[in-house]
Structure formats: structure tokens, C-alpha cells
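Have a look at the structure below, then the notes.
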Amino acid sequence: MSELHKFIFEGLPVRGAIVRLTDSWQEILSRRELHAGDEVGSGKYPDIVQNLLGEMTAAAVLMQGNIKFNGSLILQVMGGEKKDMSPIKLAVVEVKSDLTFRTTAKVVHAVKGNESFSRLINAGNQARCAITLDPEVKFQGQQPYQSIVPLYGDQGDPLESFASVLEHYMLQSEQLDTKLVLAANGEMAVGLLIQRMPLKGENNLAGAFTSTENEDQIGKNEDFNRIATLTASIKTDELLTLSIDDILHRLFWQEPIARYEPANPAPRFQCTCSRERVASTIRSLGQSETERMIEERDGIQVNCDFCGQPYSFDVIDAAMLFMPAESVVPPKF
Ligand SMILES: [Zn+2]
């Protein structure tokens with residue numbers, strides 16, 4: 001079963017969380033295969049795309065689990081438009097505050113088995129990565145909060161793993177020292193996050209070093225650095241084979257770790273698609289485009305990108321989408 005566990009290091013300004021997605025991750029992958037269409041990139045993900053999407057999913061669940069926010073956290077990478085663009089055109093994960101999540105990737109051309117992270121998703125530095133927080137309840141006119149996440153380091157050098165992208169982002173924009181390790185395969189997606197806790201009155205790292213608690217602060221950074229080094233020592237195959245208990249014991253058996261009860265309910269797959277949402281997407285195409293599609297294919301059949309659920313609109317259904325609401329008489333059953 002999928003699990004999310006949080007913990008702290010007692011007396012040290014360091015907290016952590018570990019996630020392991022199993023059945024729900026497998027369900028996402030099997031739905032993808034089950035509902036494969038005939039378009040390019042449909043069906044089973046190439047392994048390295050699957051693994052990257054799993055890492056993104058684990059990371060997004062960890063981030064949602066780490067904030068107090070009532071709404072969706074959406075982590076997405078959009079590939080570039082130019083000719084030498086990356087095979088992955090879009091990768092997106094959405095995690096709600098109740099830890100239900102869904103994820104999908106759009107693969108637009110063939111993937112080499114050994115493609116580097118930056119080639120896979122950020123060829124020519126064209127990709128954009130963003131984290132969006134979309135509140136469940138919005139006041140009128142409220143927009144979701146969006147942060148742009150750079151895919152390259154401070155010197156403009158491309159970052160070579162998704163974990164390093166997020167570590168860099170957390171430090172630069174949230175002033176949070178973070179160590180993140182991620183791994184995924186066709187069976188599970190696993191992530192371990194360690195973070196230095198923001199201290200009272202501390203605005204950023206520069207501020208921390210000019211504070212009167214200078215020496216104390218340096219001591220606390222040493223604690224974080226030691227725990228981060230331990231965290232980085234875990235190997236991918238250990239993350240993908242050991243239980244959560246074994247991973248935490250193997251890394252932190254000498255540290256004063258205190259664990260909370262696992263997240264309940266646990267992280268799990270759930271799609272929020274509906275016929276009404278699909279209808280509004282079709283409406284946004286406009287009436288003439290919709291009529292053209294219906295004529296070509298005798299109706300509109302679409303599958304949800306996230307869960308594969310098929311939705312079909314015949315000629316009459318589609319015509320009703322463009323009628324003013326008051327003239328649509330609901331059918332009686
Ligand atoms: Zn769906």
C-alpha cells in the first residue's frame with residue numbers, strides 16, 4: 001500500500017518525510033496501457049519517462065504533505081516548441097490536500113533509453129517548470145499562486161536530475177535547505193525529503209549568519225549537513241527495494257529520529273475528470289472546430305489523459321454544448 005511518513009530529529013532543526021507509492025502508482029501505469037490510443041506517444045511510457053514521472057509524483061506528494069494548504073499542488077514541466085525539443089512535451093502531477101493524486105505525461109517523439117534528464121525534458125533550455133497552488137475555495141477573482149522553477153543552476157548550467165531542480169528551487173526561492181532523493185520504476189515511486197526547519201525570526205540564509213545566534217546557527221547547520229549527507233548516501237536500488245522502516249533505520253539509526261503516525265488516509269490515485277469538464281474543453285474549441293471534428297469522425301471520442309476514462313459525444317450531444325443554457329431541456333428518465 002502507498003504510504004507517507006513524516007518525522008523530526010528531536011532537538012535538531014531538521015524535519016523529514018518519506019513517501020512510497022505502490023498500488024496507486026501501478027494503477028496509473030496500467031490505466032495508461034489499458035487505454036492506449038493510436039496517436040504517437042500513447043500507451044506504455046518508455047521506462048525513463050515512466051521513472052521521471054514517478055519521481056515527480058513522489059516529489060509532489062512530499063511537497064503537498066509538507067505544507068498547510070487547502071487545495072491542489074500542481075507540479076508541471078512544459079517542453080519547448082522548437083524543432084530540437086525534448087521527447088517530453090508535458091509532464092504534470094496534481095496532488096490535493098487529501099493526498100489524492102493524478103499524473104500524466106505527453107511524449108511527442110521517440111526516447112533513447114539513456115537520454116539525460118536535461119535532454120529528456122529540457123533540450124535547448126526551452127522547458128518551463130512551475131509549481132502551482134490552486135486553493136480549493138477561492139475568493140472572487142482569485143488566481144492560483146504560481147512559482148516558476150528554474151531547470152538550470154545559478155551559473156546557467158542545466159540541472160541533471162529532478163531532485164536537484166527542486167533542491168535548488170527550495171533554496172533559492174524559499175530559503176529552505178533541502179535534501180531530496182527520488183527513485184521510481186514500474187512498481188513504485190519513492191521519495192525522501194530532509195529539510196532544515198526555518199527558525200523563528202529568520203528571513204533567509206544570509207540573515208541567519210548575521211544574527212546574534214551566529215555560533216548556535218552554525219552548529220544547527222552542521223546537524224542539517226550531517227543528516228543531508230546521510231540521506232544522499234542511499235542508493236536508488238535501496239530506495240526501490242527496502243521498506244520505509246528499513247530505509248530510515250539504515251540511514252538514521254544514530255540520529256534522534258521521532259516519527260509521526262503515517263498519513264491517514266494514505267496517498268492514493270484519484271482522477272477528478274467529469275463529462276462536464278470534458279464538455280467545457282470541447283466548448284473552448286469553438287462551434288465550427290467542433291462541428292468539423294464531428295463530421296470527420298462521426299462524433300467526438302476522447303479519453304481522459306490522466307485516467308483513460310472514455311467520454312463520447314455524438315452529433316446531438318455536441319450540438320447541445322453550443323445551445324444557450326436556458327434552451328437546453330434536460331432529457332427525462
Ligand atoms: Zn480522468
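The values are calculated or read from the model by the stated rules, or taken from the named source; none is laboratory data. Being a predicted model, the structure only gives us computed values, none of them experimental. Every residue, glycine as well, gets a Cβ built from its backbone with ideal geometry; the counts of neighbours run over all protein chains shown. Please note that ligands, DNA and RNA were not included when accessible areas were found on the heavy atoms of the full protein model with its side chains. Shrake-Rupley method; radii C 1.70, N 1.55, O 1.52, S 1.80 Å.
Numbers for the structure displayed
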read-out: Condition check for Glu94: within 16 Å of the ligand (Cβ to nearest atom) and buried (at least 20 other Cβ atoms within 10 Å of the Cβ); value: yes
read-out: Residue tally, condition open to solvent by 20 Å² or more (accessible area, probe 1.4 Å) and under 18 Å from Glu174 (Cα atoms), over the range 64-81; value: 5
read-out: Single condition Glu202 does not satisfy, out of (1) modelled with pLDDT under 95; (2) in contact with an Asp or Glu (Cβ under 9 Å, 6 or more places away or on another chain); value: (2)
read-out: Selection within the range 138-183 - part of a loop (DSSP other than H, G, I, E, B) and open to solvent by 50 Å² or more (accessible area, probe 1.4 Å); value: Lys138, Phe139, Gln140, Gly141, Gln143, Pro144, Asp154, Gln155, Asp157, Glu160, Gln175
read-out: Condition broken by Cys271, with the remaining ones in (1) within 14 Å of the ligand (Cβ to nearest atom); (2) part of a helix (DSSP H, G or I) satisfied; value: (2)
read-out: Top-ranked residue in the range 296-321 [being assigned to a loop (DSSP other than H, G, I, E, B) and at pLDDT 85 or above; ranked as farthest from the ligand (Cβ to nearest atom)]; value: Asp314
read-out: Answer from Asp237, Asp246 - the residue that is within 22 Å of the chain's Cα centre (by Cα) and either of a type in the set (Ser, Thr, Tyr) or in a helix (DSSP H, G or I) (or both); value: Asp237
read-out: Residue that is surrounded by the fewest Cβ atoms within 10 Å (Cβ to Cβ), among those in the range 250-288 that are touching a helix residue (DSSP H, G or I) at 6+ places or on another chain (Cβ under 9 Å) and over 30 Å from Gly16 (Cα atoms); value: Ser280
read-out: Count of residues meeting criterion [assigned to a loop (DSSP other than H, G, I, E, B) and under 20 Å from the mean Cα position of the chain (by Cα)] in the range 1-40; value: 3
